[in-house]
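Accompanying notes for the structure given below.
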Amino acid sequence: MKCKVISISHKPSSWEKEALQFYLKQLPKHIKISSVDVKPNSSKSMDQSLILDAECNEVLRHINKTEYTILWDRLGKKISSHGFADLIQDKADAGQDINFIIGGALGASDHLFQSSQLVLSASDLTFPHRLFKIFLIEQIYRACAIKNNHPYHK
């Protein structure tokens, strides 16, 4: 199964890369994670809706329409670690790859919401984008651990 994390963010710093590698190394061999960092549009001459549209267009360039697309947004449906594990397993069983989109500082455009098959929220808390990418990779790892009946997750 391939998972692509598309994040509207700057390139990761060294500490972020180190944290991401920590979890990526622990994933089962059948899970392949790739990452795309879409540079945030910070033009002061553009209004918020134009910035969101520009970021959306750049994100959509990296999405294959045959893959299942999940947008992470605070307005999305709350999901537990076990529910996320079931979702990942269902997509793996169906042979479907997944795109995970992490919106930018302004959120996501309406078009990005409509282009996603599912909109999820990890929490009512607001996370920095740099930490959320690490959090997402950790949750993919945790989903695999749950489905492998790791004793910690029973």
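Taking only protein heavy atoms into account and a 1.4 Å probe, give the accessible area per residue of the chain in Å². It would help to have the intermediate numbers written out before the result.
Working: 8890 Å² over 154 residues.
Dividing the accessible area of the chain by its residue count gives 58 Å².
Kindly work out what percent of the DSSP beta bridges joining two residues of the chain are antiparallel, to the nearest 5.
Working: 1 of 23 bridges.
Looking only at bridges with both residues in the chain, the antiparallel portion is about 5 percent.
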Problem set entry | Taking the C-alpha atoms of the stretch 18-87, convex hull volume expressed per residue in Å³ | 155
Exercise. To the nearest 10 degrees, how steeply does helix 14-24 sit against the main Cα axis of the chain, on a 0 to 90 scale?
Worked result: 40
For this session: Restrict the search to the stretch 46-104; then list the GluC sites (Glu not before Pro) that DSSP places in a loop and that have at most 16 other Cβ atoms within 10 Å of their Cβ.
Result: Glu67
Exercise. Nearest 10 degrees, 0 to 90: what angle lies between the long axis of helix 48-60 and the longest principal axis of the chain (Cα atoms)?
Worked result: 50
For this session: Determine the share of the chain's accessible area contributed by carbon and sulfur atoms, expressed in whole percent, with a 1.4 angstrom probe.
Result: 52
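Whole-Å semi-axes of the stretch 1-45's equivalent ellipsoid, largest first, each the root of 5 times a Cα gyration tensor eigenvalue?
Working: eigenvalues 136, 38, 4 Å².
So the equivalent ellipsoid measures 26, 14, 4 Å along its semi-axes.
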For this session: Quote to one decimal, in nm, the extra length available between Gln114 and Ser43 on full extension: 0.36 nm per residue of separation minus the C-alpha distance between them.
Result: 23.1 nm
For this session: Please give the contour-minus-distance gain from His30 to Ser13: 0.36 nm per residue of separation, less the Cα-Cα distance, rounded to one decimal in nm.
Result: 3.4 nm
Problem set entry | Integer Hz, Karplus 6.51/-1.76/1.60 couplings in order for the stretch 135-149, x for Gly and Pro | 4, 5, 4, 5, 5, 5, 4, 5, 4, 5, 5, 4, 5, 8, 6
Problem set entry | Charged-residue dipole, Cβ positions (Lys, Arg, Asp, Glu), the stretch 2-148 about Cα centre, Debye nearest 20 | 460
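Quick one: compute the contact order of the stretch 32-154, relative version, from alpha carbon pairs under 8 angstrom and 6+ residues apart, as a percent. Intermediate values should be presented prior to the final figure.
On the way: 132 pairs, mean separation 40.4, N = 123.
For the stretch 32-154, the relative contact order is 33 percent.
Find out how many positive minus negative residues lie around Ser109, taking Lys and Arg as positive, Asp and Glu as negative, among other residues whose Cβ is under 9 Å from that of Ser109. Intermediate results must be reported in sequence, preceding the final value.
Values: positive: none; negative: Asp53, Glu55, Asp110.
The answer is -3.
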Exercise. How far, in degrees from 0 to 90, does helix 81-93 lean away from the longest principal axis of the Cα atoms of the chain, to the nearest 10?
Worked result: 90
For this session: Could you tell me the accessible area of Asp47 in Å² (1.4 Å probe, neighbours in place), rounded to the nearest ten?
Result: 80
For this session: Determine the shape class of the chain: with a ≥ b ≥ c the square roots of the Cα gyration tensor eigenvalues, call it rounded for a/c under 1.5, and otherwise prolate if a/b is greater than b/c, oblate otherwise.
Result: prolate
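The values are calculated or read from the model by the stated rules, or taken from the named source; none is laboratory data. Bear in mind the structure is a predicted one, so any value in this text is a computation, not a measurement. We place every Cβ from the backbone using ideal geometry, glycine too, and count neighbours over all the protein chains shown. Please note that ligands, DNA and RNA were not included when accessible areas were found on the heavy atoms of the full protein model with its side chains. Shrake-Rupley method; radii C 1.70, N 1.55, O 1.52, S 1.80 Å.
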